[in-house]
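Derivation of every value follows stated rules applied to the coordinates shown; laboratory data play no part. Keep in mind that this is a model prediction, so the values were computed, not measured. Please note: Cβ atoms are built from the backbone with ideal geometry, for glycine as well, and neighbour counts cover all protein chains shown.
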Amino acid sequence: MGNGHAGAEREHFAGRGPTPDGDGPPVDGGASRAVLERLRGVDWSDEDRAWRHENSRALLMREYLRRAALWADHCGAERSWPFFDLAEHAYPTVRIPDGIAAELDEVLRGVGPSSVRTTCRAAVRWAVLRAGSASGPLPDLPDLPDLYEPLLVLYERGGGFFVEEFIDLGGAMVRLGTVESNLAARPFLTLAPAALDTLDAEGEITYYAKIGEDHPRSRPRGIVRRRVDDDGRTYDEAFTRDLRWKPTEYLRRYALGHNGIDHVEITGIEAAAFVESLTERLSGR
C-alpha cells in the first residue's frame, strides 16, 4: 500500500539513519522537557474528567489514528500502526537526554497499558528529533502533521485508553479501523482547549450550520446544536459571539415555518472549526 511516492520516500527515510561513526542527532533537552512536563501534569486516574471530555477525546483519538496512518504509510511502518515510536522508524539513533529519560520513567511508573507508555516515550523522543540542533530542525522531515500532539491533548483531557475490540477512552468508544480507512478520514485540526471544550456536553448532540447565499456550509453565519440527554430532554443551543452556548428557539421556529434562515446538519469537526475561527476573529488573531 502507500501513495505514488512511497518507495522513494521510504528509501529517503532509510537514508537518514546512523552516521558512520554511530553518532545520533544532537539532543535538545528543552523540547523534550516541555513534553515531559505536560505528561507530568496528566491525572491518569481522573475518570470524571474523561467522561466530561468524551466527545473531544473521541475526535482527538480519531485524528491521531489518521495522522498515524499518514506517517506509517510514509515510512513503511504499517505493521507497527497505530501506537508506535515514529522516531524509531525516522531516525533510530535519536536519544532522549539521560536525565529526562529517568524522570520520564518515574512519571510513567504505574501508567498503563503499554500502548500509552509507548506513545508517551515516543512523544518525548519525537520532540528531540523535531527540535534538531541549535541551527534548526533536522532536514528532510516530511510535511506531515505532528503525530503526537492530538494524543498529548487527549491525555491532558482525561488520561489514557485501553485497546480491545474498540479503543476505550473511559467515556467514549472509538473504532480502530485500518491504515487504509484512517488515511481517508476527515482531518480534525482544532486542538485548542477552548474550542474543544465547546464540544463537550451531556447527551447525544447534533450540530447545524446556518447557511445562505453568502454563507456556504464551509463559512456559515452561525451554528446551533440540539442535545438530547439520557432522560430524553431536548436542549437547543446556539454558539454566540461571547463564545458560549446559549438557549435558542431557532430550530423550533424553523420547524414551525417562522424562520427564513436555512440550515444543514454538520459534523462535530466542522462545528469545532467554526468555534475556533470565530474565537480567532473576535480575539483579533
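Compute the relative contact order of the chain as a whole-number percentage, counting only Cα pairs closer than 8 Å that sit 6 or more residues apart in sequence.
21 percent
Return the inverse of the average 1/r over all pairs of distinct C-alpha atoms in the chain, which is the Kirkwood hydrodynamic radius, in Å to one decimal.
That comes to 20.9 Å for the chain.
Under a Cβ-only charge scheme (Lys and Arg +1, Asp and Glu -1), can you give me the dipole magnitude of region 196-257 about the Cα centre, in debye to the nearest 20?
I would put it at about 400 debye.
So if we plug the beta-carbon distance of residue 78 and residue 166 into 1/(1 + (r/R0)^6) with R0 = 22 Å, what FRET efficiency do we get, rounded to 0.05?
Result of the calculation: an efficiency of 0.60.
Need one number: nm distance between label points at residue 219 and residue 51, each 7 Å from Cα along Cα→Cβ, rounded to one decimal.
4.3 nm
If the chain between residue 102 and residue 277 were fully stretched, how many nm would it gain, using 0.36 nm times the residue separation less the Cα-Cα distance?
Residue separation times 0.36 nm, minus the Cα-Cα distance, leaves 59.0 nm.
Name the shape class, rounded, prolate or oblate, that the alpha-carbon gyration tensor gives for region 176-244, where a ≥ b ≥ c are the square roots of its eigenvalues, rounded holds for a/c under 1.5, and otherwise prolate holds if a/b is larger than b/c and oblate otherwise.
In terms of gyration-tensor shape, oblate.
Using square roots of five times the C-alpha gyration tensor eigenvalues, list the equivalent-ellipsoid semi-axes of region 156-209 in whole Å, biggest first.
Equivalent ellipsoid semi-axes, largest first: 21, 17, 13 Å.
Residue by residue through region 140-154, which ³J(HN,Hα) values in whole Hz follow from phi under the Karplus form 6.51 cos²θ - 1.76 cosθ + 1.60 (θ = phi - 60°), with glycine and proline marked x?
My calculation for region 140-154 gives 6, 5, x, 7, 10, x, 3, 5, 8, 4, x, 5, 4, 5, 4 Hz in order.
About the Cα centre of region 52-211, what is the dipole size in debye to 20, counting +1 per Lys and Arg Cβ and -1 per Asp and Glu Cβ, all else neutral?
The dipole of region 52-211 has a size of about 160 debye.
About its Cα centre, how strong a charge dipole does the chain have in debye, to the nearest 20, once Lys and Arg get +1 and Asp and Glu get -1 at the Cβ?
Computed about the Cα centre, the dipole is about 700 debye.
Measuring from a point 7 Å past the Cα of residue 40 along Cα-to-C-beta, which residues in region 86-107 have an amide N at less than 18 Å?
Taking a point 7 Å out along Cα→Cβ of residue 40, the residues of region 86-107 whose backbone N falls under 18 Å are 96-107.
Over the Cα atoms of region 104-210, what is the Rg over Rh ratio if Rh follows Kirkwood?
1.00
For a protection proxy built on the mean count of beta-carbon atoms within 10 angstrom, sort 273-283, 56-66 highest first, please.
Going from most to least packed, we get 56-66, 273-283.
For region 45-121, calculate the relative contact order in percent as a whole number, restricting contacts to Cα pairs under 8 Å that are 6 or more residues apart.
Value for region 45-121: 24 percent.
Grab the Cα-Cα distance for residue 173 and residue 93, subtract it from 0.36 nm times how many residues apart they are, and report the gain in nm with one decimal.
Additional length available on full extension: 25.2 nm.
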